[in-house]
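Handing you this structure, nothing more for now.
The values are calculated or read from the model by the stated rules, or taken from the named source; none is laboratory data. Remember, it's a predicted structure, so these values are computed and weren't measured experimentally. Using ideal geometry, Cβ is built from the backbone for each residue, glycine included, and neighbour counts are taken over all protein chains shown. Protein only, heavy atoms only, side chains kept; ligands, DNA and RNA dropped before computing areas. Shrake-Rupley method; radii C 1.70, N 1.55, O 1.52, S 1.80 Å.
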Amino acid sequence: MLDFFHDEEPWQEALAPGALILRRFVQQDDLVLYQEINRIAMQHPFIHRVTPGGFTMSAAMTGCGAAQWVSARDGYLNTRETIALNQTFLDLAKRAAATAGYADFIPDSCLINRYAVDSKMTLHQDKNERDLTQPIVSISLGLPAIFLFGGLMRSDKTAKVLLEHGDVVVWGGASRLCFHGILPIKAGIHPLTGPYRFNLTFRQAL
Ligand code: MD3
Ligand code: FE
């Protein structure tokens, strides 16, 4: 949605080697993205998966594309009928990756996380994808979140980064295996998404 009162000129922030924040990159596309999330969720409702430690995750998950992430042990599986990655999603993810220097990013899957107030994501690494030379492109919509960005060991110190509506981050190269997480979402109401934050991550999973 183009909104002359609230739209800002996008800008970039280098976060770490291989990690680039594209602030407000999808600000104009927020409505179509949100509508597409809802369309996907009608077919594949958001579900709460269970961590390897046996804890139910507070963020709910759905997705589209070739495979869904099931668990750290099982990795990516095609457990539900495939919903094709639509062209809008693909174009945005590839444009973001190319902007960050990954011209040959070929995403096959999109995971969608939904955070209600107080939902969080514990520090973890994403390493179930087959080709770790491919980056991950993440899109934030709705309520803001404080993102924790660490190093290659869980015990490494973490930096806090605020991720806001319309922000995109490309994670590749030396950042691809860094530990990361999301602090509990603070109460609020976003004009588009209400009491939720959504995060879409585009990946080449298979
Ligand atoms: C850094 N999601 O789905 S997106 C996840 O906001 C996940 O829902 C968070 O971590 C969220 O796995 C963070 C940012 C992100 C995604 C993947 C990364 C950061 C990353 C992979 C490697 C390094
Ligand atoms: Fe992750």
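For the chain, modelled as a GNM with alpha-carbon contacts under 10 angstrom, which of Arg95, Arg73, Arg24 fluctuates the most?
Looking only at Arg95, Arg73, Arg24, the largest GNM fluctuation is found for Arg73.
Give me the one-decimal nm value for the distance between modelled label points at Thr82 and His6, 7 Å along each residue's Cα-to-Cβ direction.
With each label placed 7 Å out from Cα toward Cβ, I get 3.6 nm.
His6: net charge of surrounding residues, Cβ under 11 Å, Lys/Arg +1, Asp/Glu -1, itself excluded? Walk me through the numbers before you get to the answer.
Numbers: positive: Arg24; negative: Asp3, Asp7, Glu8, Asp30.
Net charge in that neighbourhood comes out at -3.
What pairs from Lys157/Lys186; Lys120/Lys160; Lys160/Lys186 go past 21 Å between their alpha carbons?
On the way: Lys157/Lys186 23 Å; Lys120/Lys160 14 Å; Lys160/Lys186 15 Å.
Table pairs above 21 Å Cα-Cα are Lys157/Lys186.
Now, a different point. Considering the options Gly188, Leu141, Ile106, tell which one lies farthest towards the positive end of the dipole of the range 11-203, charges being +1 on Lys and Arg and -1 on Asp and Glu at the Cβ, about the Cα centre.
Gly188
Based on a Kirkwood Rh over C-alpha pairs, give the Stokes-Einstein translational diffusion coefficient of the range 126-188 at 37 °C and viscosity 0.692 mPa s in µm²/s. Working shown, then result.
On the way: Rh = 12.7 Å.
Estimated diffusion coefficient is 259 µm²/s.
More than 28 angstrom separation, counting every C-alpha pair in the range 11-203; what % is that? Write down the numbers at each step before the final one.
Numbers: 3032 of 18528 pairs.
Roughly 16 percent, once rounded to a whole number.
Give, in whole angstrom and from largest to smallest, the semi-axes √(5λ) of the equivalent ellipsoid of the range 1-113, with λ running over the eigenvalues of the Cα gyration tensor. The partial results should precede the final answer.
Working: eigenvalues 145, 66, 46 Å².
Gyration-tensor ellipsoid for the range 1-113: 27, 18, 15 Å.
So with the 1.4 Å probe, I'd like the accessible area per residue for the range 11-203, rounded to whole Å². Let's see the in-between values first.
Numbers: 8790 Å² over 193 residues.
Solvent-accessible surface per residue comes out at 46 Å².
Mind checking the dipole of the chain: about its Cα centre, +1 per Lys or Arg Cβ, -1 per Asp or Glu Cβ, Debye to the nearest 20?
On the way: 19 positive and 20 negative charges, 150 e Å.
Dipole of the chain, to the nearest 20 debye: 720 debye.
Ignoring ligands, DNA and RNA, please state the percent of accessible area on the range 90-206 from carbon and sulfur, probe 1.4 Å.
Values: 2920 of 4980 Å².
Ligands and nucleic acids excluded, carbon and sulfur reach 59 percent.
Right, next: If you take the Cα Rg of the range 79-188 and divide it by 2.2 N^0.38 Å, with N the number of residues, what do you get? Display every interim value, and only then the final one.
Details: Rg = 14.5 Å, N = 110, 2.2 N^0.38 = 13.1 Å.
With N residues counted in the range 79-188, Rg over 2.2 N^0.38 Å equals 1.10.
Could you pull out the longest piece of the chain with no exposed loop chymotrypsin sites (Phe, Trp or Tyr not before Pro) in it, calling a site exposed if DSSP puts it outside H, G, I, E, B and it has at most 12 other Cβ atoms within 10 Å? Mind showing how you got there, number by number?
Details: sites that count: Phe4, Phe5, Phe55.
Value returned for the longest uninterrupted segment is 56-206.
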